1. Using the Cα centre of the range 41-159 as the reference point, and only Cβ charges (+1 on K/R, -1 on D/E), how large is the resulting charge dipole? Debye, rounded to the nearest 20.
2. By average Cβ neighbour count within 10 Å, what is the ranking of 103-109, 66-72 from highest down?
3. Taking the Cα centre of the range 118-167 as origin, sum charge times position over the Cβ atoms of Lys and Arg (+1) and Asp and Glu (-1), and report the length of that vector in debye to the nearest 20.
4. Carbon and sulfur together cover what percent of the accessible area of the chain at a 1.4 Å probe radius?
5. Over the alpha-carbon set of the range 64-353, divide Rg by the Kirkwood Rh and report the Rg/Rh ratio to two decimals.
6. Can you give the angle from 0 to 90° between the axis of helix 267-276 and the longest principal axis of the chain, with both taken from C-alpha atoms, to the nearest 10?
7. Which order do TYR383, TYR264 take when ranked by solvent-accessible area (1.4 Å probe, heavy atoms of all protein chains), largest first?
8. Excluding ILE399 itself, what net charge comes from residues whose Cβ is under 14 Å from its Cβ, given Lys and Arg +1 and Asp and Glu -1?
Amino acid sequence: MTTPHRQVWRDMTLFDGHRTMTEPMAVVIAGSTIEAIYPEAELDARTLDEASEQGRGGVMTPGLIDCHTHLVFGGQRAGEFEMRLEGASYTEIANAGGGILSTVYATRAASENELFERATPRLQALIDDGVTTVEIKSGYGLTVADELKMLRVARHLGQRFPIHVTTTLLGAHAIPPEYKNDSDAYIDLICQQMIPAAVAEGLADAVDVFCETIAFSVAQCERVFEAAAAHGLPIKAHAEQLSNLGGTAAAARFGALSADHIEYLDATGVAALRDAGSAAVLLPGAFYTLAETQKPPVETLRQAGVPMSLATDANPGSSPLFMPTLMLNLGCTLFRLTPQEALAGMTSNAAGALGHPELGQLAAGAPADLCVWNVETPAELAYAVQPNRLHQRVIAGEITHG
Ligand code: DI6
Ligand code: FE
């Protein structure tokens, strides 16, 4: 039996996924797993003998987890950005056939290879900012073939880059032009063909919906949740982003992994998340980009003990932002999270929102996905907006940066 390669980092200031540890720690990795975390003072000579020392001093966190992205898409929407600056709202643009649908046309027209090539620099930006796990949604195809095409690109990215990719089928993102006057028939297509086809190819780890006046009703979303449940897939929802329709409570009734956006969520919705054990995913990039004023109910979520996650929502319309550490800052400045809450939101709580509680933490037995940063304290990652602070990035025990 071969003994796994052991590596040690000494004298680290640790944010372990939940909190910042007060004393300097030593972290030992064996193969692809964290073997032990000791106070530096207790590190014994034997461990040092057998492990290669990879670093001394610095701030270590779990690898960041971006639990809500739309990284795969065709085209771009700078023109729509200009229209909003001239006074048009996101909803008005969507209702006029632009918005998500303009990305749908560009995505349908692109080949799998083109989508892969265009997603590559976006994914690289996340990797270079410390992400080791990313969720990627479909939702710009809106036909069975085009949704599967997007999911294949997402899977392929996970095979070609040193990052864990989880995929989410978001067929119910917008009403496709072909079903403009019969959105129920499109829901039939999702339930009867799209979900089964994605399951047959092993392409979806979860199913998501956009519950909104410009997208799908609560009743329609519930039909999608039922079909997902029948295929054993966990669900998520874009809910309460622009209005309070009750999508979050509906998702919670189906044991959702998370409800995302939730700016308009009320106390009843928060209680539904708490009772279901679902996570709240806050997306300050979309709030910022759309210059929203309605903030998510952070204090109510905090009091209720609902785990709060943070993600980029990276997409061409409402959040063309591809810098995860910026979300730490926006989560604090815009939503008044503490730096520790923001960091937990992109590590342990993001792992929960993906149904992977083993990720997003520095603990003995956890996968060795971690980052070492050129900062003095973990809070500094949220305090300053600054690229190139990543010193080392380790995924499954392999150093891929630094
Ligand atoms: N909410 C969002 O923030 C993204 N999708 C959604 O339902 C935006 C997608 C886009 O504008 O392209
Ligand atoms: Fe989104």
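The values are calculated or read from the model by the stated rules, or taken from the named source; none is laboratory data. Remember, it's a predicted structure, so these values are computed and weren't measured experimentally. Positions of Cβ are backbone-derived with ideal geometry, glycine not excepted, and every protein chain shown enters the neighbour counts. Protein only, heavy atoms only, side chains kept; ligands, DNA and RNA dropped before computing areas. Shrake-Rupley method; radii C 1.70, N 1.55, O 1.52, S 1.80 Å.
1. Values: 11 positive and 18 negative charges, 102 e Å.
Around 480 debye, computed over the range 41-159.
2. Values: 103-109: 19.1, 66-72: 28.7.
Order by mean packing, descending: 66-72, 103-109.
3. Details: 7 positive and 5 negative charges, 39 e Å.
Using only the charged Cβ atoms, the result is roughly 180 debye.
4. On the way: 7800 of 15210 Å².
The computed percentage sits at 51.
5. Details: Rg = 17.1 Å, Rh = 18.5 Å.
Across the range 64-353, the Cα-based Rg/Rh ratio is 0.93.
6. Orientation of helix 267-276: about 60 degrees from the principal axis.
7. Details: TYR383 175, TYR264 70 Å².
In descending accessible area the options line up as TYR383, TYR264.
8. Details: positive: ARG6, ARG393; negative: GLU53, ASP369, GLU398.
After counting each charged neighbour, the total is -1.
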